[in-house]
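Asker: Pasting a structure here, questions to come.
The values are calculated or read from the model by the stated rules, or taken from the named source; none is laboratory data. Nothing here was measured: the structure is a model prediction, and the numbers come from that model. No Cβ is skipped: glycine too gets one built from the backbone with ideal geometry, and neighbour counts run over all protein chains shown. Only protein heavy atoms, including side chains, enter the accessible area calculation; ligands, DNA and RNA are left aside. Shrake-Rupley method; radii C 1.70, N 1.55, O 1.52, S 1.80 Å.
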Amino acid sequence: MVRDFNNQYEETVTSINFEELVRSWKKNSDYQVEFTALNDGSLAYNLLRNENSLLIDGQEYVIKQAERSLDGYDKSVAVTATHIYFEATRIYNYQTKSGTITYSIQDILHYFFDNNVYGFTWEVIGNFSKVQIENLGNTSALDALNTCVDKFNCVIYPNNKHIRIYARDAWQKQVDKSYLYGYNTTTFSCSWDTTAIQNVTMCYGKQKEGAEGQYYFPPFMAKNATSIKRWGERPGAEISDERFTDKNAMNTYAMSTMQADPVTTMALTYDGDDQILPGEVWYLRVEPEQFDTDVEVTGITDYPFAPDHKPEVELDNSVRTLLDEDIAQERLVKEAIKHNQAAAQEIKATNEKAVKAYDSRFIGDLCGTPSRLTRATGPQLPGYILKVPADNPDLGLQKGQQFYAATAVNYVEGLAEYVTEMLPAIPDIPKYEPATPTKDGLMSAGDKAKLDKLKIEPLTSIQMKDAVNGSVYQVAIENGDIKVNKEVED
């Protein structure tokens with residue numbers, strides 16, 4: 001739906017390519033929709049102008065950019081609209097509460113939103129400690145909300161003009177859902193940003209009344225040893241807070257305010273069927289990176305009118321996620337080192353074999369065909385004087401030994417006096433004569449006699465022995481009748 005600024009007209013927009021309408025939300029920073037509509041001459045199309053409102057899934061967005069284009073006879077408008085929550089910038093408090101004062105988060109919200117004429121309301125969910133703020137005021141309510149995010153580490157998630165402010169533990173919702181890379185997650189990326197790391201700061205607590213420059217505890221340098229060990233010292237702005245009269249409490253507070261670790265940004269494309277909601281904590285497993293942990297949904301880019309277009313999800317930048325990713329990366333580094341060491345051993349062994357093979361060669365010069373190497377028969381080839389370049393224990397040769405080598409078509413001779421004893425003995429191949437019924441050969445004489453008795457089918461008759469008395473008979477077939485002749489001698 002599109003509605004005009006004065007709430008006089010409201011109509012459904014139908015000239016959108018709904019598969020390209022994209023909605024994006026990012027925790028505490030972004031909440032908007034984008035699309036392009038074609039001119040169909042409707043009232044809805046003509047209402048797509050700056051400061052008019054869009055109603056999508058029960059939430060209101062205000063058009064901030066409307067870029068109109070002409071392509072031939074086609075007219076279109078590219079629209080970008082931000083959530084109505086950002087209109088809190090229209091609430092402006094010009095008064096200032098001077099000095100450094102301790103506030104609760106409710107104090108700040110009352111100061112900016114009480115009696116506003118734009119219909120904004122607020123709700124605090126969870127518990128917050130008080131903080132000190134210097135010179136509060138002379139800014140917009142939206143800027144005040146951003147100050148709350150910085151000072152109270154809260155999460156702001158609006159329902160139209162009702163602004164809900166969550167404590168971190170109240171915001172996150174553990175759910176029994178999983179991102180499994182290769183199963184319901186097709187893309188995954190992870191990056192670290194170390195730009196804003198701070199792990200060292202100077203701390204000032206409360207001053208004693210009537211004693212300028214005198215504190216309940218001396219100012220001290222707070223240091224995050226774990227972060228320093230990993231990233232080195234990264235000093236930042238000092239912290240001065242009149243609430244603290246105890247050094248240990250001040251140090252704990254300083255540790256909670258410093259950005260001691262990099263901001264970790266992870267993103268993936270979810271192909272499953274479960275609905276993804278802001279603040280949900282899912283289990284994530286990326287087996288190729290050996291990475292598994294719980295992650296909070298901190299950003300969603302989806303296509304509300306194109307269910308087949310899978311959402312893109314951004315995940316949390318918590319310290320736990322950072323440590324899990326760091327551990328996984330160290331594990332991969334160790335495995336890579338292990339593989340490299342194994343490869344180095346293989347390369348070393350191969351190199352040793354290559355050196356050994358190289359040292360086993362013979363080098364020499366052509367020396368013609370010396371008469372003492374000439375043969376009476378066969379083609380004559382040149383002779384060589386060869387030298388052993390390195391010790392060759394396999395052949396029993398020593399570095400520098402020389403010998404004459406005469407070549408022929410099928411052999412080289414000259415090494416015999418050096419290596420004869422090193423060559424394996426070749427056994428004699430036995431020679432067999434043909435076998436006869438009375439003399440062994442390739443087979444025994446008995447087997448030869450049996451073989452000779454065999455006749456090739458079909459046979460004209462066979463001899464059979466009586467199973468009872470052992471008599472032998474001649475069995476034949478004559479004119480189709482079986483004939484058994486008289487006994488024959490065995």
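Asker: Per the 1.4 Å probe, what fraction of the accessible area of the range 233-278, in percent, lies on carbon and sulfur atoms?
Answerer: The value for the range 233-278 is 43 percent carbon and sulfur by accessible area.
Asker: Ordered by residue, what ³J(HN,Hα) values in Hz, to whole numbers, does the range 25-34 give under the Karplus form 6.51 cos²θ - 1.76 cosθ + 1.60, where θ = phi - 60° and Gly and Pro are x?
Answerer: 9, 9, 3, 6, 9, 8, 6, 7, 10, 9
Asker: Moving to a separate point now. Collect residues whose amide H, placed 1.01 Å from N in the peptide plane, falls under 5 Å from the amide H of Gln132; neighbours closer than 5 in sequence don't count.
Answerer: Amide H neighbours of Gln132: Tyr103.
Asker: Ignoring solvent entirely, what values of log10 I(q)/I(0) come out of the Debye formula for the range 110-231 at 0.09, 0.16, 0.20, 0.23 Å⁻¹ when each Cα is a single scatterer?
Answerer: Log-scaled intensity ratios, in q order: -0.50, -1.12, -1.20, -1.28.
Asker: On a full-extension model of 0.36 nm per residue, what is the gain between Ile228 and Lys208, subtracting their alpha-carbon distance, rounded to one decimal in nm?
Answerer: Values: separation 20, 0.36 × 20 = 7.20 nm, distance 3.25 nm.
My answer for the length gained is 3.9 nm.
Asker: Just subtract the alpha-carbon distance of Asp176 and Thr102 from 0.36 nm times their residue separation and send over the number in nm, one decimal.
Answerer: Details: separation 74, 0.36 × 74 = 26.64 nm, distance 4.02 nm.
Value of the extension gain: 22.6 nm.
Asker: Could you compute the net charge surrounding Glu10? Neighbours are other residues with a C-beta less than 12 Å from the C-beta of Glu10; K and R count +1, D and E count -1. Please list the in-between numbers first.
Answerer: Working: positive: Arg3; negative: Asp4, Glu11, Glu60.
Net charge in that neighbourhood comes out at -2.
Asker: May I pose another question? Probe radius 1.4 Å, ligands and nucleic acids left out: which of Lys310, Lys229, Lys223 has the largest accessible area, and how do the rest follow? Walk me through the intermediate numbers first.
Answerer: Numbers: Lys310 60, Lys229 185, Lys223 100 Å².
The ordering from most to least exposed comes out as Lys229, Lys223, Lys310.
Asker: While we're here: Quick one: accessible surface of His309, probe radius 1.4 Å, all protein chains present, in square angstrom to the nearest 10.
Answerer: Spelled out: His309, probe radius 1.4 Å, area about 80 Å².
Asker: Give me, ordered by chain and number, the residues 5 or more places off Asn159 or on other chains with an amide H under 5 Å from its own placed amide H.
Answerer: Residues meeting the criterion, in which the H sits 1.01 Å from N, are Arg164.
Asker: Sticking with this structure for a sec: What ³J(HN,Hα) values, in whole Hz, does the Karplus curve 6.51 cos²θ - 1.76 cosθ + 1.60 give for the range 160-176 when θ = phi - 60°, with x put for Gly and Pro?
Answerer: So the J values, rounded to whole Hz, are 6, 8, 8, 8, 9, 10, 9, 6, 4, 6, 7, 7, 6, 10, 6, 10, 8.
Asker: Sticking with this one: Cut-off under 14 Å on the C-alpha distance; same-chain residues fewer than 8 positions from Lys483 excluded. Which aspartates and glutamates are left, in chain and number order?
Answerer: Hits, sequence-local ones excluded: zero.
Asker: Then there's this: Do me a favour and compute the ellipsoid semi-axes for the range 1-98 from its Cα gyration tensor, root of five times each eigenvalue, largest one first, whole Å. Can you show the working numbers first?
Answerer: Details: eigenvalues 159, 45, 32 Å².
So the three semi-axes of the range 1-98 are 28, 15, 13 Å.
Asker: Something else: Thr301: accessible area at probe 1.4 Å, nearest 10 Å²?
Answerer: 40
Asker: Subtracting the Cα-Cα distance from 0.36 nm times the residue separation, let me have the gained length for Thr350 to Ala237 in nm, one decimal. Provide the component values of the computation, followed by the final result.
Answerer: Values: separation 113, 0.36 × 113 = 40.68 nm, distance 5.81 nm.
Stretched fully, the Thr350-Ala237 segment lengthens by 34.9 nm.
Asker: Please give the net charge around Pro304, taking every other residue with its beta carbon less than 11 angstrom from that of Pro304, where Lys and Arg add +1 and Asp and Glu add -1.
Answerer: Values: positive: Arg23; negative: Glu19, Asp57, Asp302.
Net charge around Pro304: -2.
Asker: Test of understanding: express the Cα radius of gyration of the range 35-151 as a ratio to 2.2 N^0.38 Å, with N the residue count. Write out the running numbers ahead of the final one.
Answerer: Working: Rg = 19.6 Å, N = 117, 2.2 N^0.38 = 13.4 Å.
Ratio of Rg to 2.2 N^0.38 Å for the range 35-151: 1.46.
Asker: Between Ser471 and Glu433, what is the FRET efficiency for a Förster distance of 30 Å, r being their Cβ-Cβ separation, to the nearest 0.05?
Answerer: Numbers: r = 41 Å, r/R0 = 1.36.
Approximately 0.15, to the nearest 0.05.
Asker: Would you please give the residues with an amide H less than 5 Å from that of Phe244, counting only those at least 5 places away or on a separate chain, with H modeled from the backbone geometry?
Answerer: Lys206
Asker: Sticking with this one: Can you flag which of Lys161/Lys310; Lys27/Lys173; Lys27/Lys151 are past 18 Å Cα-Cα?
Answerer: Lys161/Lys310
Asker: With the crude spin-label approximation of a point 7 Å out along Cα→Cβ, what separation in nm comes out for Ile462 versus Gln275?
Answerer: Label-label distance for Ile462 and Gln275, simple model: 8.8 nm.
Asker: Mind listing the phi-derived Karplus ³J(HN,Hα) values for the range 85-102, rounded to whole Hz, using 6.51, -1.76 and 1.60 with θ = phi - 60°, and x for any glycine or proline?
Answerer: 3, 5, 6, 4, 5, 7, 8, 10, 10, 7, 7, 10, 8, 6, x, 8, 10, 8
Asker: I've got another one for you. Measure off 7 Å from each Cα along the Cα-to-Cβ vector at Val22 and Leu451, then give the distance between these two points in nanometres to one decimal.
Answerer: 8.7
Asker: Can you give me the distance in nm between label points at Glu134 and Arg68, each placed 7 Å from the Cα along the Cα-to-Cβ direction?
Answerer: Each label point lies 7 Å from its Cα, and together they span 5.0 nm.
Asker: Taking K and R as +1 and D and E as -1, what net charge do the other residues with C-beta under 12 Å from the C-beta of Tyr215 add up to?
Answerer: -2
Asker: From the protein chains alone at 1.4 Å, what is the descending order of accessible area for Asp316, Asp302, Asp292, largest first? Display every interim value, and only then the final one.
Answerer: Working: Asp316 10, Asp302 35, Asp292 70 Å².
Final ranking, largest accessible area leading: Asp292, Asp302, Asp316.
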